[in-house]
Amino acid sequence: MRYLIFADIHGNLEALQAVLDLARNKKIDHYLFLGDLVGYGASPNEVIEVISKLQPLSLVRGNHDKAVAGLESTDMFNPVAATAIEWTRNHIQPESKEFLVNLKKGPVRLGRSLTLCHGAPFDEDYYIFGEFDAAEAFNHLKTAIGLFGHTHFPVVYSLKQGYLEGQLLVGNVQIYLEPEVHYLINPGSVGQPRDRNPLASCGIFDSERRTFELYRLKYDIPGAQRKILAAKLPPSLAERLSLGI
Ligand SMILES: [Fe+2]
């Protein structure tokens, strides 16, 4: 099986299109989305419409999805993020909101080997930012492989015989997943990368070959930026897309 692993689209339709073009070329069997369809970007309804048609699709909600759905207040968000959530709440169509309201809370298990979560297996809102956080996440992981998003940084943590190691993934890379090792993998962000690489980020997990490939993809950044500015969202949300921050 070949799985597309992707997270944190944040209303960026242009970046999503680049990722789905890759998925078509690489013959994906199953789409695994790790939360944050909306927030920040100017195309929340379009993104939800495209995602809702993908088959088969397994997904969990993100903190921005929850907030736009009205399931959480914006108190915990920074001012720019809160402004974008407010904008998205005002522009979301009823059927899109319904889709967000019904998203599953992670962690969600898929078969015997995969767990999907937005933040961490023990808390959907927790950020795994280093080995200390990853150690706690491995304590709660019930499968060999955990997939997470939320930080917008592509990274792989491995746990082999009690030894934990983190590896930031830079550029297009492929890693081999050893059978006796446990992994926590973040495919980076589709629509708002923050690792100073503005290219859209996603991954492909091939369960037969036991490989995870990270892809960084060019997309129409100026187009996404124009929409953000035309929507009167905070201009910094457009600027950051070309900087990858
Ligand atoms: Fe996010």
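No value in this document is a laboratory result; all are computed from the given coordinates. Source: prediction; values computed, not measured. Quick reminder, even Gly has a Cβ in these numbers, built from the backbone with ideal geometry, and neighbours come from all protein chains shown.
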Could you list, in sequence order, all residues of region 222-245 that are in a helix (DSSP H, G or I) and under 18 Å from the mean Cα position of the chain (by Cα)?
-> A224, L237, R240, L241
Selection within region 20-42 - within 15 Å of the ligand (Cβ to nearest atom) and either surrounded by fewer than 22 Cβ atoms within 10 Å (Cβ to Cβ) or of a type outside the set (F, W, Y) (or both) | L34, G35, D36, L37, V38, G39, G41
Search result, residues across region 88-106 that are within 16 Å of the ligand (Cβ to nearest atom) and not in a loop (DSSP other than H, G, I, E, B) | T88, L100
If a residue has to be buried (at least 20 other Cβ atoms within 10 Å of the Cβ) and among the β-branched types (V, I, T) to count, how many in region 222-245 make the cut?
-> 1
Within region 139-183, residues among the hydrophobic types (A, V, I, L, M, F, W, C) and either within 16 Å of the ligand (Cβ to nearest atom) or more than 30 Å from Y40 (Cβ to Cβ) (or both) come out as A144, L147, F148, F153, V155, L159, L164, L177, V181
Report the residue count in region 109-125 for those that are buried (at least 18 other Cβ atoms within 10 Å of the Cβ) and either touching a residue at least 40 places away in the same chain (Cβ under 8 Å) or aromatic (F, W, Y) (or both).
-> 6
Out of (1) closer than 15 Å to D8 by Cα; (2) in a strand (DSSP E or B); (3) out of contact with any Gly (no Cβ under 8 Å at 6 or more places or on another chain), the odd one out for L159 is which?
-> (1)
Counted residues, region 29-56 - those being more than 14 Å from the chain's Cα centre (by Cα) and assigned to a strand (DSSP E or B) = 1
Would you say K66 is within 13 Å of the ligand (Cβ to nearest atom), among the charged types (D, E, K, R) and surrounded by fewer than 24 Cβ atoms within 10 Å (Cβ to Cβ)?
-> yes
Filter region 1-17 down to residues that are aliphatic (A, V, I, L, M) and either buried (at least 19 other Cβ atoms within 10 Å of the Cβ) or within 12 Å of the chain's Cα centre (by Cα) (or both) and give me whichever is farthest from the ligand (Cβ to nearest atom).
-> L4
